[in-house]
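Reading through the structure tokens given below for one structure.
Every read-out reported here was derived from the displayed coordinates using simple, explicitly stated rules and does not represent laboratory data. This structure is a prediction, so every number in the text was calculated from the model and none was measured. Every residue, glycine among them, receives a Cβ derived from its backbone with ideal geometry; neighbour counts consider all protein chains shown.
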Amino acid sequence: MTQADGPQGRVLIIAGSDSGGGAGIQADIKAVSMLGGYAMTAITAITVQNTHGVQGVWPVPVEAVVGQMQVTLSDIGGDAIKTGMLGTAPLVEAVAECLSAHAHLVPRVIDPVMVATSGDRLVDAKAVEAIRSELVPGARLVTPNAPEAEVLTGKAVETVSGQRRAAEALLELGANGALVKGGHIGGSVITDVLQTTTGEWIFESPRIETRSTHGTGCTLASAIAALLAQGVSVPDSVEQARDYLLQAIREAKGFGGGHGPVHHGWVLDAE
């Protein structure tokens, strides 16, 4: 099957492994699969973590990450790319170069993972600059939370107005779309701001009081990528992915003693 055959739901996920299963590659695979996509992976790091936090990180050699990307794209192909944890500038640069060479026309969802839900920092400052300069330009969608948007744009993101300004700044950096999420901003209603080169959409939902929020960013970005990979538009992909995530949060099983995972498999329970 080649790219010319049209959208087939193939998503290459470039991200780190979460031994606790709630975030990272594990969450990505679950989300893509639950929404009808086909998940492939290029693992960037092995983390030792659970719901209480990250106890250790072992980066995968850059050559191994690029090799995983090359063999999957050259054989199976891809309809969307989703990036997550990319811890160093050399890795970000190598990923960008590989995508340019092997997946130039494939839409990219860039989730600029910088800090885990537990507060553990996952990337260094040079990696942040590389994400800004190498991955944001040309991305179909960038999906930062409020703190990540502040780091990428230098704009204060404490209100919906701040989210809108940050989204505009990401478009000015060359992204085709930006979803600035509001979960880290206080209030009883969570507002996510989507801007693309063609318009703006505001998504609102009541805040769900829960400690099961581990992996929500990974899950949302991968759900969006899965839908884009099946030919769904960006605004519709965001709306449907948000609906999927919100239900996964509502039906979380309360695993672990810290920030627990969402229930990715609720779709199966509903059938």
Whole-Hz ³J(HN,Hα) for each residue in the stretch 190-204, computed from phi via Karplus 6.51 cos²θ - 1.76 cosθ + 1.60 with θ = phi - 60°, x for glycine and proline: what do you get? 8, 10, 10, 10, 10, 10, 10, 5, 10, x, 9, 9, 10, 10, 10
Would you work out which of 232, 268, 245 lies farthest towards the positive end of the dipole of the stretch 227-271, given +1 charges on the beta-carbon of Lys and Arg and -1 on that of Asp and Glu, about the Cα centre? 245
Sequence-separation-based contact order of the chain, relative, with Cα cut under 8 Å and 6+ spacing, percent: 20
Taking amide H atoms as placed 1.01 Å from N in the peptide plane, list the residues 5 or more away in sequence, or in a different chain, whose amide H sits under 5 Å from that of residue 38. 10, 11
Which listed residue (259, 33, 161) has the Cα farthest towards the positive end of the charge dipole for the chain, taking +1 on Lys and Arg C-beta and -1 on Asp and Glu C-beta about the Cα centre? 259
Roughly how many debye, to the nearest 20, is the charge dipole of the stretch 1-146 about its Cα centre, given +1 on each Lys and Arg Cβ, -1 on each Asp and Glu Cβ, and no other charges? 260
Give the lysines reachable from residue 30 as a straight Cα distance under 24 Å; neighbours fewer than 8 places away on the same chain don't count. 82, 181, 253
Would you mind calculating the relative contact order of the stretch 178-246 from Cα pairs under 8 angstrom and at least 6 residues apart, reporting the percent as a whole number? 21
Give the shape of the stretch 3-69 as rounded, prolate or oblate, defined through the alpha-carbon gyration tensor: a ≥ b ≥ c are the square roots of its eigenvalues, a/c under 1.5 means rounded, and otherwise the shape is prolate if a/b is larger than b/c and oblate if not. oblate
Computed, not fitted: 222 nm per-residue ellipticity of the chain from DSSP H runs ≥ 4 (each -39500 (n - 2.57)), nearest 500, equal to -11500 deg cm²/dmol
Classify the stretch 109-184: rounded, prolate or oblate, from the alpha-carbon gyration tensor (a ≥ b ≥ c, eigenvalue square roots; a/c under 1.5 rounded; otherwise prolate if a/b is larger than b/c)? oblate
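In the chain, what % of DSSP beta bridges are antiparallel (nearest 5)?
Working: 19 of 38 bridges.
Within the chain, antiparallel bridges account for around 50 percent of the total.
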Once phi is turned into ³J(HN,Hα) by the Karplus curve 6.51 cos²θ - 1.76 cosθ + 1.60 with θ = phi - 60°, what whole-Hz value does each residue of the stretch 178-185 show in order, with x for glycine and proline? 9, 10, 9, 8, x, x, 7, 8
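For the stretch 185-261, rounded, prolate or oblate, judged on the Cα gyration tensor with a ≥ b ≥ c (square roots of eigenvalues), a/c < 1.5 rounded, else prolate if a/b > b/c? Provide the component values of the computation, followed by the final result.
Details: a/c = 2.69, a/b = 1.54, b/c = 1.75.
Oblate, because a/c is 1.5 or more while a/b does not exceed b/c.
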Tell me, what is the FRET efficiency for residue 63 and residue 121 to the nearest 0.05, using R0 = 22 angstrom and their Cβ-Cβ distance as r? 0.30
Spin-label point model (7 Å from Cα, Cβ direction): what's the residue 271 to residue 19 distance in nm? 3.2
